[in-house]
Amino acid sequence: AVDVRAKDIEKLEEMLARLPKGKNWAGGEELIQYQGFWLPKEMAKGVMLIHGHLKPRPTDVILSTYPKCGTTWLKALAFAIINRSSHHDFQNHPLLTSNPHDLLLPLIERYINSVDIETLPSPRVCPSHLALSLFPNSMAAASSPCRFVYICRNPKDTFVSMWHFMNKLRRLKQVPPLSLEDALDSFSKGVSFCGPYWDHVLGYWKASLESPNNVLFLKYEDLKREPSVYVRKLAEFLDLPFSEEEENEGIVEKIVNLCSFENLSNLYVNKNNNINIKAAGVNTSHFFRKGQVGDWINHLSPEMANAMDQITQEKFRGTGLNF
Ligand code: A3P
């Protein structure tokens with residue numbers, strides 16, 4: 001199997017070299033526009049390997065996000081929900097000593113290149129930043145038994161969060177910072193890590209309307225407002241609803257508190273520049289900044305906000321999705 005992959009990769013490299021290139025905010029090799037989405041080369045290769053090698057199982061769950069929309073939070077919640085029978089002591093829980101990214105598999109599009117995913121036991125819980133249309137039809141179609149949990153976030157907050165994050169990465173690489181204006185220009189044109197943001201969100205939104213049993217579509221803002229409601233929804237979607245006994249014990253609130261920004265961001269493991277291994281070697285603290293709704297107001301001028309709102313209105317018009 002390794003030989004086949006090596007050969008595949010050679011062909012993929014040739015093909016990828018011919019595709020359009022765009023600004024990589026993190027300061028590394030340029031992004032490639034692959035089937036409508038801007039990806040680092042390694043991730044584009046990962047998509048091809050997923051198509052060629054992944055055998056979907058009905059029990060697969062993909063935790064999918066547009067970057068900076070709440071990936072860390074979703075991973076923490078999913079881990080706490082799925083593993084609550086073995087980790088029911090919330091005073092002594094893996095999330096208190098490990099960064100959420102280190103408790104789950106790395107992004108499937110990065111992981112598939114290095115590890116034989118077919119050897120993993122079911123159910124496989126695979127994080128991803130890929131747009132739905134980049135998955136094979138056998139996984140993404142309404143008739144597929146695979147499940148996707150997607151979280152999205154207000155585009156202005158997502159943009160501001162991404163700009164901060166990418167500048168942290170640039171600092172690590174000693175690359176000069178990217179201006180807010182340049183980043184906004186790029187984001188608005190769709191050229192952002194895994195972007196265009198709007199197309200990414202819409203793919204999952206439409207699928208969630210067509211097949212709500214396959215795609216659970218969550219919003220960061222809703223989770224912030226009513227975390228227990230959405231923790232229950234998530235557990236039900238994963239076929240792991242809370243029992244009456246668990247409800248009486250207050251497990252839902254315990255999970256909400258364990259995974260809250262206030263709790264996780266203040267833990268030793270998520271501070272002090274600890275290196276996160278699975279999430280591409282960045283500091284664990286980089287995944288926690290403010291964790292607030294509406295922080296864009298502290299960064300974007302009214303003109304910038306207006307311009308972004310116009311794009312959002314245009315893209316989401318008639319879809320029933322709004323922010
Ligand atoms: P801000 O930069 O606005 O603070 P991702 O996890 O997808 O990379 O997204 C990171 C964003 O989610 C950051 O937003 C981060 O602070 C916020 N975040 C991280 N953990 C969170 C949590 N447990 N609850 C709420 N927000 C969280």
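For F148, the residues whose modelled amide H falls within less than 5 Å of its own, excluding neighbours fewer than 5 places apart on the same chain, are I62, V215, L216.
Using C-alpha positions alone, give me the convex hull volume of segment 137-183 per residue in cubic angstrom.
On the way: hull volume 6.3 nm³, N = 47.
Spelled out: Cα convex hull of segment 137-183, divided by residues, is 134 Å³.
Here the gap between S86 and K11, fully extended at 0.36 nm per residue and compared with their Cα-Cα distance, gives a gain of 22.6 nm. Cα centroid distance between segment 161-198 and segment 1-62, in Å? Here the two parts' Cα centres lie 21 Å apart.
In terms of its alpha-carbon gyration tensor, the chain comes out rounded; the largest-to-smallest axis ratio a/c stays below the 1.5 threshold. 3J(HN,Hα) couplings calculated from phi for segment 94-106 with the Karplus curve 6.51 cos²θ - 1.76 cosθ + 1.60 (θ = phi - 60°) are, in sequence order, x, 5, 7, 10, 10, 5, x, 5, 7, 8, 10, 5, x Hz; Gly and Pro show x.
Between N298 and L209, the modelled labels are 3.5 nm apart [label points 7 Å from Cα along Cα→Cβ].
Between E181 and H53, what length in nm is gained on full extension when 0.36 nm per residue of separation is reduced by their alpha carbon distance?
Extra length available between E181 and H53 comes to 42.0 nm.
Bridges between two residues of the chain, per DSSP, are antiparallel at a rate of about 30%.
Read-outs throughout are calculated quantities, based only on the coordinates presented, and are distinct from any laboratory measurement. Note that the coordinates shown come from a computational prediction; the quantities given were computed from them, not determined experimentally. In this analysis, Cβ positions are derived from the backbone assuming ideal geometry, glycine residues included, and neighbour counts consider all displayed protein chains.
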